[in-house]
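Novice: Starting off with a structure, shown below.
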Amino acid sequence: MTAEKIQAVETNTLPYAAGFCWSTGFLMEKFIKSLAKKEIWAAKCPRCGYTYVPPRNRCGQCDAKIEEKDLTKLSGKGILVGFTKAYVQLDASSKFVDLDEPIFIGAVKLDGADSNLFMQIAEIDPQDIKEGIKVQVKWQDQTQGAISDIQYFTHYTG
Amino acid sequence: MQRRVAIVGYAQSEYQFNVPRTREDQVFDVVKAALRHAGILREEVDSVVTASSDFLDGRTISNVFLSMAVGAYQKDESKVEEDGTGALLYGLMRILAGTHDVVTIEAHTLASTINPHQILFYSLDPLFDRQVGLMNDIAAAAIQARMYMKKYSVPEEAVAMVSVKNLANAALNPLTHRKMPDLTVEEVLNSKLYYEPIRELMIPPITDGVCALILASEEKAREITDRPVWIEGVGTYQDSYLRDRDLTRFESLGKAAAKAYEMAGIKDPYREINVFEVSEKFAHEELMIYEALGLAREGHGQSLIEKGLTNREGEIPVNPSGGALSADPICATGLTRVIEAARQIRGDAGGCQIPYVERALAHGQFGICAQKNTVFILGGDQ
Amino acid sequence: MLRNAAIIGCGQTKHSGRRRDVNQAELVSEAVHNALEDAQVSLKEVNALVVGNMQGFGGVANPDLWIGDWIGAPGKPVLRIATGGTTGGSVGQGGFYSVMSGLYDIVVATAWEKHSDSKEAGATTGLLHVALANFFHAFGYGLSMKNLLATSAVGAAAGVAAYQARFYMHRSGCRSEHFDMVAAKARRNAARNKYAHLQWPNCTPEDIHKTELIVDPFRYGHVCPASDGASAIVIACEDIALKKCKRPAWVKGLASYSDEETQMQSESGGGVGVLDPSEQMGARLSAMKAYQQAGIKDPKQEIDVAEIYQPFPSQELLFSEKLGLFDEGKAWIAMEKGETEINGRMPCDPSGGVNATNAIGSSALQRILEAGLQVMGKAEDHQVPKKVRNAVAHGWGGVTNYITVTVLGETPAPRR
Amino acid sequence: MAYLKDQRRETMMVEGSWNIGAYRYKGSTQLQEYVDGLKEKKLIGSLCPGCGKVIVQPRNICGRCHRRMDKRMVVSHKGTITCFVISPPIEKGKYKIIGMDPVEAGVIQEGAILVPVFVRFDGADSNINTILLNCPPEKVHIGMRVKAVFVENPEGKLSDLEGVEPLKE
């Protein structure tokens, strides 16, 4: 038997997924639980003022410690700073499959925050989706204190 | 640098999709070929540094069954989990420290094992972005491309021209994966849309690949070869996480390049570097890379491609090997760029050869929207 | 070595089975900022970071991309190193090389693991994945569950450790009761270390012996826990170390020699040529190289304290021999005489070691850190009551084929 | 006395998964050669042309010599136990192997004691991990001579080699 004859065969993998349950820490817990009350909390660095949403306990810009007292409530309104129209998505088997209906994914800078949130943009006429337009949160009808409480961002109603 | 360090040998696998051979087999062949290329035996190697990723390989401790294949049996071995340029940097540090003289650097990813874009989904913030479940590296790159193109009025055609240039260059490189010598801008712009404005031909193909190189201290390099390729400068930096970055520029790449230029004593990269091998994981990134490397002012990367300056025949050829757009074996992509740059300096680049190369730049990146960048400056003797 | 490097600050988190009060990033940040505070260095002064964990345990790919923002990574070089169980040791050594290379002056090396973030009990997710790809392959050739039970030594965590222990017992004449003694010592020592996980003041070998048998020779009381925790060290070049730190811990020697995997299959289900997994040539070679760099000729006399990576008690005994601290097969006799206790002649794992605290990715860095604390005289309640000139830190990983050995001392290594 | 407790408030959790089933691993067909041998009750190993070591089961690469091991050898059915461990009586619900309980699956009888061993077959330079059969656990010792036990009708599967049993020489 020579080396050339040694071929590789593909292995059948078992349908198995490793599960994870990440603990959130206090600030993120407050953020997620407050979504039930339709509130969005951000963390404002006490030293440099950079405002993170979702909140975090350490400033990436100046390394200051951020505590619960530094949390500020945001209005849920913001500006669309960038976006893309998605024609595909990753399916459960990690393959790209075509979406029946393309969706918009936007980078939203909430008023009072410096971070961008990457969320779906919907219920806006596709022709009106442009950089710089104002958007606001569309909540689920029944909020439960989970990240899915934010359905998507939609047109600004003032 | 405390010591001079040179590349004295290298080898690459053929970059393809779904190569019907095992990981161990491919790695063994390439490492063996690199040692042969340097003309040394495994016994002369002091240390081995590899680059691979547990998530990309689908097993914890991805290198655990490869120590024999990379020739690390009873050698000082380590592994970085990022682009191969990270392994090269670590190998370089080991030689600079004076504790080792000859180091094998190996990098691989068999991307056909799993859709690598899924892995970049797994790298998102698990507490928020992964819960939202919308993003992956292509979506992020698309948002970035749009923001960049909007900010500087870059036409889609300029982005497509990057694909046209690199995939045509790839046709001259027998090893690479996606070769399209007669590709047109229209064809790129008519290819399948993934995330607007990013289309199929602006994304690298899914590639299996292995590459390896041998690094040696000055004394050893002189013994081993007459044509050492010296490492003259290196810089590496990381950016903030996706949410807190200015996506329209590669800040960390700019810093990495500045650092590498400073070490190599380069004032004007445009004139002092003859060829550039960069890791553009999406076509628009190459334009942003031009700017970060100081080849064009911010927002003016497009003019280089439009004027043909970065073509093979241009003043500053970029990716004559085909670049990452032609083959992207994730962890090996950056190291491939280093090897291609070294080939240019030694005059061994075959069909891809650019005349009169004395100095070359190689760039590797890792993460979403090139969050981490490493730049190497290579030079020949003199 | 062309340039000296030293540890000038150490930081770690409290380790426990469930650090659910923080997320992964906050955990890492806690250790890094403790280390910076200890070193009296601000993140601004840090030139580069070396980080690492075992991705599969925490479930986040390339975690440095996300976690980096908690530890000042933006605008800094970050190198992520991961080599299985030795990840921490490799990260620490990566940090040392970073400074020794002359490229950076102050480097922070940090490693962590958060086992409670995995839904599966203990470390099974991660450990299983080491072998999973190979098992999937072997299933195709009719691998039975009985075969699997044999490979895993009927589920004794890392199966190979049980076999390795038996080899050692056969060779040295030590018995399972000696493992009780090592484990009891680890828990007692841990009780004096405020950061450790399994703390049991006054634990006796009998307490351990009462625990249930997993597979002869191991009992539940012998095995390490799965901990959440992180550790970090601040490494500086000579000028800065002398300026910033009264008693830095100098790196005198470091090596990480690999060996052939000691059990299980190669990549595609082949056998392995290591006949005795307790032989550990990698450890022997690493120790030789590190001592040579450090100018240590007789480790029995010149090493004052050892931090050995011992998730299983048999490993403290056998690796202390490979590190040259005792004659081959004689470590257990020295241990019986109390020589490895905190106040003994050759204290082994005064911190409690991995047997008491195992946040896998971080464990081997913790050995370096603890050895550093002993040299710096900052180990508080578990400081050994004698002058520490040299300390050795060890790590093992992979299929017991990866080794890191680091020698720290009160003075830099002699120049050659 | 017992373990000291570390008490702190736990924060909420969010979930996620890593889909291992989506990977497409590749393995070498060398295992096929080995199981083909088992079908004929032969134990096949690979021979390194560099150092002459024979490794069972065959492997592709000899790390010591950094060479391919492309020669094959048949080794003896007789061998020596180099290592063993002894399980306590195996109870239902005690062990899980990839989500399955060996007792529940009927692989092992409730209360059985398992003796996994390392065996070095004569002519091989490697150990094989298998199970000791037909021997009371207290009799097992390192250096014990054993011989391979195959299933009655080998089908060319890894499970064809059931284990080893004491050899009466």
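The values are calculated or read from the model by the stated rules, or taken from the named source; none is laboratory data. Being a predicted model, the structure only gives us computed values, none of them experimental. Cβ sites come from the backbone with ideal geometry, for glycine too, and all protein chains shown count toward neighbours.
Novice: Here are the criteria: (1) touching a strand residue (DSSP E or B) at 6+ places or on another chain (Cβ under 6 Å); (2) farther than 25 Å from residue B:231 by Cα; (3) surrounded by 24 or more Cβ atoms within 10 Å (Cβ to Cβ); (4) of a type in the set (D, E, K, R). Tell me which single one residue B:21 does not satisfy.
Specialist: With respect to (1) touching a strand residue (DSSP E or B) at 6+ places or on another chain (Cβ under 6 Å); (2) farther than 25 Å from residue B:231 by Cα; (3) surrounded by 24 or more Cβ atoms within 10 Å (Cβ to Cβ); (4) of a type in the set (D, E, K, R), residue B:21 is out only on (3).
Novice: Right, here's the next one. Look at region C:117-138 and say how many of its residues are modelled with pLDDT of 80 or more and more than 9 Å from chain D (Cβ to nearest Cβ).
Specialist: Here the count works out to 1.
Novice: It is to be established whether one or more residues within region A:114-134 are part of a loop (DSSP other than H, G, I, E, B) and without any contact (Cβ under 8 Å) to a residue 24 or more places away in the chain.
Specialist: yes
Novice: What is the residue count in region B:1-31 for residues that are outside any helix (DSSP H, G or I) and hydrophobic (A, V, I, L, M, F, W, C)?
Specialist: Of the residues in that region, 8 qualify.
Novice: Something else about it: Considering only region B:218-329, give the helices (runs of 4 or more DSSP H) lying wholly within it that have at least 2 residues that are more than 14 Å from every other protein chain (Cβ to nearest Cβ) and either within 25 Å of residue B:107 (Cβ to Cβ) or out of contact with any Gly (no Cβ under 8 Å at 6 or more places or on another chain) (or both).
Specialist: Of the helices (runs of 4 or more DSSP H) lying wholly inside region B:218-329, those with at least 2 residues that are more than 14 Å from every other protein chain (Cβ to nearest Cβ) and either within 25 Å of residue B:107 (Cβ to Cβ) or out of contact with any Gly (no Cβ under 8 Å at 6 or more places or on another chain) (or both) span B:218-224, B:269-272, B:283-292, B:301-306, B:323-326.
Novice: Tell me yes or no: at least one residue of region B:162-175 is touching a residue at least 40 places away in the same chain (Cβ under 8 Å), hydrophobic (A, V, I, L, M, F, W, C), touching a strand residue (DSSP E or B) at 6+ places or on another chain (Cβ under 7 Å) and not in a helix (DSSP H, G or I).
Specialist: yes
Novice: Only one of A:84, A:143, A:154 is more than 13 Å from every other protein chain (Cβ to nearest Cβ) and free of Cβ contacts under 8 Å to residues at least 60 places away in the same chain. Can you tell me which?
Specialist: The conditions single out A:154.
Novice: Then there is this: Looking at this structure, is residue D:17 out of contact with any Leu (no Cβ under 8 Å at 6 or more places or on another chain) and under 18 Å from residue D:72 (Cβ atoms)?
Specialist: no
Novice: Please list, ordered by residue number, the strands (runs of 3 or more DSSP E) wholly in region C:4-110 having 3 or more residues that are within 11 Å of chain A (Cβ to nearest Cβ) and touching a strand residue (DSSP E or B) at 6+ places or on another chain (Cβ under 8 Å).
Specialist: Strands (runs of 3 or more DSSP E) meeting the threshold: none at all.
Novice: A further question follows. Residues in region A:110-117: is at least one out of contact with any Leu (no Cβ under 9 Å at 6 or more places or on another chain), more than 10 Å from chain B (Cβ to nearest Cβ) and more than 23 Å from residue D:15 (Cα to Cα)?
Specialist: no
Novice: If residue D:107 satisfies every condition in (1) at the interface with another protein chain (Cβ under 9 Å from one of its Cβ atoms); (2) under 28 Å from residue C:172 (Cβ atoms) but one, which is the exception?
Specialist: Failing condition for residue D:107: (2).
Novice: Another question about this same structure. Give region B:32-53 a look and list any residue that's assigned to a loop (DSSP other than H, G, I, E, B), buried (at least 24 other Cβ atoms within 10 Å of the Cβ) and either more than 11 Å from chain D (Cβ to nearest Cβ) or modelled with pLDDT under 95 (or both), or say none.
Specialist: B:52, B:53
Novice: Identify all residues within region B:15-31 that are more than 10 Å from chain C (Cβ to nearest Cβ), under 19 Å from the mean Cα position of the chain (by Cα) and at pLDDT 95 or above; write none if there are none.
Specialist: Result: B:15, B:30, B:31.
Novice: Assess whether residue B:56 counts as being modelled with pLDDT under 95, closer than 30 Å to residue A:13 by Cβ, part of a helix (DSSP H, G or I) and not hydroxyl-bearing (Ser, Thr, Tyr).
Specialist: yes
Novice: If you don't mind, there's one more thing I want to ask. Of the conditions (1) buried (at least 24 other Cβ atoms within 10 Å of the Cβ); (2) away from chain C (no Cβ under 14 Å); (3) under 24 Å from residue A:106 (Cβ atoms), residue B:155 satisfies every one except a single condition; which number is it?
Specialist: (1)
Novice: Scanning for something more than 10 Å from every other protein chain (Cβ to nearest Cβ) and without any contact (Cβ under 8 Å) to a residue 40 or more places away in the chain, does region D:112-131 turn up at least one residue?
Specialist: yes
Novice: Among the residues of region D:12-38 satisfying the criterion of being more than 23 Å from residue C:132 (Cα to Cα) and either more than 8 Å from chain C (Cβ to nearest Cβ) or surrounded by 21 or more Cβ atoms within 10 Å (Cβ to Cβ) (or both), which is farthest from the chain's Cα centre (by Cα)?
Specialist: By that ranking, first place goes to D:12.
Novice: Residue check: is residue D:96 loosely packed, with under 15 Cβ neighbours inside 10 Å, at pLDDT below 95 and within 10 Å of chain C (Cβ to nearest Cβ)?
Specialist: yes
Novice: For residues in region D:60-86 being over 25 Å from residue D:168 (Cβ atoms), in contact with a strand residue (DSSP E or B) (Cβ under 8 Å, 6 or more places away or on another chain) and part of a loop (DSSP other than H, G, I, E, B), which is farthest from the other protein chains (Cβ to nearest Cβ)?
Specialist: This residue is D:69.
Novice: Moving on. Give me the pairs, please: first residue somewhere in region A:8-33 and more than 7 Å from chain C (Cβ to nearest Cβ), second residue anywhere and surrounded by 21 or more Cβ atoms within 10 Å (Cβ to Cβ) and part of a helix (DSSP H, G or I), beta-carbon distance under 6 Å, and either six or more positions apart or on two chains.
Specialist: A:16/D:20
Novice: Conditions: (1) in contact with a His (Cβ under 8 Å, 6 or more places away or on another chain); (2) part of a helix (DSSP H, G or I). Residue B:154 meets all but one. Number of the miss?
Specialist: (2)
Novice: Could you look through region B:93-115, keep only residues that are assigned to a helix (DSSP H, G or I) and touching a Ser or Thr at 6+ places or on another chain (Cβ under 7 Å), and pick out the one that is surrounded by the most Cβ atoms within 10 Å (Cβ to Cβ)?
Specialist: B:95
Novice: Sort out for me the helices (runs of 4 or more DSSP H) sitting completely within region C:321-416 that have 3 or more residues that are within 20 Å of the chain's Cα centre (by Cα).
Specialist: Helices (runs of 4 or more DSSP H) meeting the threshold: C:353-356, C:360-376.
Novice: Still on this model: Would you be able to tell me the number of residues in region D:87-100 that are free of Cβ contacts under 8 Å to residues at least 24 places away in the same chain and in contact with a Gly (Cβ under 6 Å, 6 or more places away or on another chain)?
Specialist: Here the count works out to 1.
Novice: Within region A:52-70, work out how many residues are crowded, with 17+ Cβ neighbours inside 10 Å and more than 14 Å from chain C (Cβ to nearest Cβ).
Specialist: 1
Novice: Just need a number here: residues in region C:329-362 that are among the small types (Gly, Ala, Ser) and out of contact with any strand residue (DSSP E or B) (no Cβ under 8 Å at 6 or more places or on another chain).
Specialist: 7
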